[in-house]
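Single-structure report; data block below.
The values are calculated or read from the model by the stated rules, or taken from the named source; none is laboratory data. As the structure is a computational prediction, the values presented were derived from the model and not from experiment. Note that each Cβ is placed from the backbone with ideal geometry, even for glycine, and that neighbours are counted across all protein chains shown.
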Amino acid sequence: MTTPVLEGRGLSRKFGFVSALDEADFEVFPGEVTALIGDNGAGKSTLVKALSGSLALDSGEIFFEGQPIVLSSPSQASLLGIETVYQDLALAPHLTPVQNVYLGRESMSRGIAGRLGFMNVPEMTNKSREAFEDLGATVRSLTAPVGSMSGGQRQAIAIARAVHWANRVIFLDEPTAALGVRQTKNVLDTIRRVRDKGIAVVFISHSMPHVIDIADRIQVLRLGTRVANITNSGTTMEELVGLMTGASTRTTP
Amino acid sequence: MNTTTEPELGKETSAIEAIRQKEKWFTRIVKMQAFQIFLVLLVLVVVFSLLAPDTFAQFSNLRLVVQNASILAVLGVGMTYVIITSGIDLSIGSVLVFSGVVSAIVMRQVGGDNWGVAAIGIAVSIVLGILWGVLNGVLVAKAKVPPLIVTLGSLGMALGGAQILTGGVDLRDVPSVLTESIGYGNVFGSIPLISVIALVVIVLGAIVLHRTRFGLHTYAVGSSEEAARRVGVRVDRHLIRIYALSGGLAGLAGILSLSQFSTTAIAGQSQTNLNVIAAVVIGGTSLFGGYGTIFGTVVGLFIPAVLQNGFVITGVQPFWQQVAVGAVLIAAVYIDQVRRSSTRRGNSQKNRKWPIFGRKSPPQ
Ligand SMILES: Nc1ncnc2c1ncn2[C@@H]1O[C@H](COP(=O)(O)OP(=O)(O)O)[C@@H](O)[C@H]1O
Ligand SMILES: [Mg+2]
């Protein structure tokens, strides 16, 4: 078996008396779509935040390509090629789509102008437009603030940003929640394309048909603990629902 | 599942979008609060010019209006940055006084009346301003004390410090190289040097805000601190720099004021912070952060200035100026509110809270 590109072992995190994560294990492999499923409050978003550097853990170990690492900030995860579409999207509402895609990673002008802090706006605009077109995203305007756009458009922008920068792992926390039928299809197509580039995709969704459609591997969280880690072959919706609610158990791959 | 073949609408044609953007360019300018307030300013100038063509609409009078607004403009540039980050800086007037006082003391100690002494004085004033700003910034960014409180505290400390150093008596021995050049010197015939300095600060401030990464991060921090943090913007460091900028410009304003008035004018700046904040807000910069322009701030400064001057000239009791400016200020914030609730769907509830009373701390 190949080494997981990203692996968490015994991850725990409490919020007051609530154990959002309780000794959870998790691993993702390059070129695979891993679906992470579980009931509301199971700890999926918490797990994503912990593995993308935006939430500190109480205990547990994280390995990147087999090496133990400490993820202390999202930008550190970004440097490793780990990108995340958070459930709350984390876009700056007053900035344009282009500014949001490049915020924190701006392309600077060449030479002295760049040294003085001037940005290469045409390059950022063109590359962002390509990113949106690759996604098939209908971004209404590249120069309007994203706060004035619909939920679907904002989601598309957040996804395009993550796809644009990820080269190892991409987390998508309920990326299709605000999307219509066609946009959802675009996102699923994008996930396949990203996976085929050899990137590990983690896909969180409550839509079991989508999960069965797209996942190579399915990991189930219940009450902060991973209760199943299975390959997606011949899996049924009934089985997945049973695993999420605790009606049935299965831990073998 | 029933997946009917969907039409391939995947790629929105960029050409259409480009055309749409060109069309919208004009409407966006017109919709800008800074532009609307600019029209108000133009109307004021036209009305006063018609009422008093021989007095108001004279170059010498307009020159005076511009000259009097110059120091406030320097402060307004820094305040615009601060308010875009959804902060506030109440300390600028006191920092101006403190920097001017220490600068005057240092120049007196060094002695002499030449550009060497003046250069020392200018450097002292600006550096002290930056130090006050860094103190504000560290307390806001690291200690998470609300900016309103931090800068209210440093307002008192800087003013008290200036009074302790002088025993409350204004210093009047300012080197004449300063008063004769920056104070009432002219360039290009009759353009006040102090206004040219202010213009340079305005232009640089606008370029940095609207064209550079520093400016982009300023908007980002004000728009969503959490979003900025997650993509690696060093929010705390940026906030410290913003308050340092505001403090440094207050230090520069300190030396300008010293030069213009030949006195430390310790008691003369008690309204400065509020006047500058009013100008920034009238110019369309949002107190909620994330939105604003330097152009708007400059226009916002001239509304009270022109009203004051025009009322005096046309014989209206000048007290009406305060009434009018107060009304404009409230109208400006009201318009900002309306714009925000119409453009920020879904988010309005969460952002009701006035941010200057406390930065939104990241959840976790
Ligand atoms: N910032 C937080 N503060 C307090 N409790 C939290 C916080 N984030 C998550 N939780 C709690 O942790 C548990 C797991 O939440 P979450 O990871 O968001 O679940 P999921 O994404 O699977 O729906 C829930 O009980 C939730 O209330
Ligand atoms: Mg969640």
Those residues of the stretch A:106-124 which are hydrophobic (A, V, I, L, M, F, W, C) and assigned to a helix (DSSP H, G or I), in sequence order: A:ILE112, A:ALA113, A:VAL121, A:MET124
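Inside the stretch A:125-141, can you point out the residues that are more than 7 Å from every other protein chain (Cβ to nearest Cβ), assigned to a helix (DSSP H, G or I) and either under 25 Å from B:GLU226 (Cα atoms) or touching a Leu at 6+ places or on another chain (Cβ under 7 Å) (or both)? Walk me through how you get there before you give the answer.
Of the residues in the stretch A:125-141, the ones more than 7 Å from every other protein chain (Cβ to nearest Cβ) are A:125-128, A:130-132, A:134-135, A:137, A:139-140.
Retained after the next criterion (residues that are assigned to a helix (DSSP H, G or I)): A:125-128, A:130-132, A:134-135.
If the condition is that a residue be more than 7 Å from every other protein chain (Cβ to nearest Cβ), assigned to a helix (DSSP H, G or I) and either under 25 Å from B:GLU226 (Cα atoms) or touching a Leu at 6+ places or on another chain (Cβ under 7 Å) (or both), then A:THR125, A:LYS127, A:SER128, A:ALA131, A:PHE132 are the ones that fit.
One residue is enough: does the stretch B:222-241 have a residue meeting the conditions more than 14 Å from every other protein chain (Cβ to nearest Cβ) and in a helix (DSSP H, G or I)?
Yes, there is a match, as at least one residue in the stretch B:222-241 is more than 14 Å from every other protein chain (Cβ to nearest Cβ) and in a helix (DSSP H, G or I).
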Residues in the stretch B:242-254: is at least one on the phi > 0 side of the Ramachandran plot, in contact with a Leu (Cβ under 9 Å, 6 or more places away or on another chain) and more than 8 Å from chain A (Cβ to nearest Cβ)? no
For residues in the stretch A:142-179 being more than 13 Å from chain B (Cβ to nearest Cβ) and β-branched (Val, Ile, Thr), which is farthest from the chain's Cα centre (by Cα)? A:THR176
Looking only at the stretch B:255-299, and only at residues there that are in contact with a Leu (Cβ under 7 Å, 6 or more places away or on another chain) and under 26 Å from A:PRO145 (Cα atoms), the one that is surrounded by the fewest Cβ atoms within 10 Å (Cβ to Cβ): B:ALA278
Return the only residue of A:LYS14, A:LYS49, A:LYS44 being among the charged types (D, E, K, R) and free of Cβ contacts under 8 Å to residues at least 40 places away in the same chain. A:LYS49
Restrict the check to the stretch B:172-184 and report whether at least one residue is in a helix (DSSP H, G or I), surrounded by 24 or more Cβ atoms within 10 Å (Cβ to Cβ), touching a residue at least 40 places away in the same chain (Cβ under 8 Å) and of a type in the set (Ser, Thr, Tyr). no
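Within the stretch A:46-74, count every residue that is over 15 Å from the mean Cα position of the chain (by Cα) and either part of a strand (DSSP E or B) or surrounded by 17 or more Cβ atoms within 10 Å (Cβ to Cβ) (or both).
Residues of the stretch A:46-74 that are over 15 Å from the mean Cα position of the chain (by Cα), as a first pass: A:56-73.
Add one more test, that the residue is either part of a strand (DSSP E or B) or surrounded by 17 or more Cβ atoms within 10 Å (Cβ to Cβ) (or both), and what stays is A:57, A:59-64, A:67-69, A:71.
Counting residues in the stretch A:46-74 that are over 15 Å from the mean Cα position of the chain (by Cα) and either part of a strand (DSSP E or B) or surrounded by 17 or more Cβ atoms within 10 Å (Cβ to Cβ) (or both) gives 11.
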How about the stretch A:58-84: which of its residues are within 14 Å of chain B (Cβ to nearest Cβ) and either within 13 Å of ligand 1 (Cβ to nearest atom) or among the polar types (S, T, N, Q) (or both)? A:ASP58, A:SER72, A:SER73, A:SER75, A:GLN76, A:SER78, A:THR84
Residue check, A:GLY117 against (1) of a type outside the set (Lys, Arg); (2) assigned by the TED database to the domain that holds A:MET237; (3) more than 13 Å from ligand 1 (Cβ to nearest atom), all met but one. Which one? (2)
Listed residues B:GLY129, B:GLY205, B:GLY137; which is within 30 Å of A:ALA113 (Cα to Cα), touching a Lys or Arg at 6+ places or on another chain (Cβ under 9 Å) and in a helix (DSSP H, G or I)? B:GLY137
Could you tell me whether the stretch B:192-215 includes any residue that is of a type in the set (Ser, Thr, Tyr), touching a Leu at 6+ places or on another chain (Cβ under 6 Å) and touching a residue at least 60 places away in the same chain (Cβ under 8 Å)? no
Quick check on the stretch A:135-157: of everything there that is surrounded by 23 or more Cβ atoms within 10 Å (Cβ to Cβ) and touching a residue at least 60 places away in the same chain (Cβ under 8 Å), which residue is farthest from ligand 1 (Cβ to nearest atom)? A:ILE157
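Give the number of residues within the stretch A:161-216 that are within 16 Å of ligand 1 (Cβ to nearest atom) and either under 22 Å from B:ALA227 (Cα atoms) or at pLDDT below 90 (or both).
Going through the stretch A:161-216, the residues within 16 Å of ligand 1 (Cβ to nearest atom) turn out to be A:171-178, A:202-208, A:211.
Checking the rest, the ones that are also either under 22 Å from B:ALA227 (Cα atoms) or at pLDDT below 90 (or both) come to A:171-178, A:202-204.
Of the residues in the stretch A:161-216, 11 are within 16 Å of ligand 1 (Cβ to nearest atom) and either under 22 Å from B:ALA227 (Cα atoms) or at pLDDT below 90 (or both).
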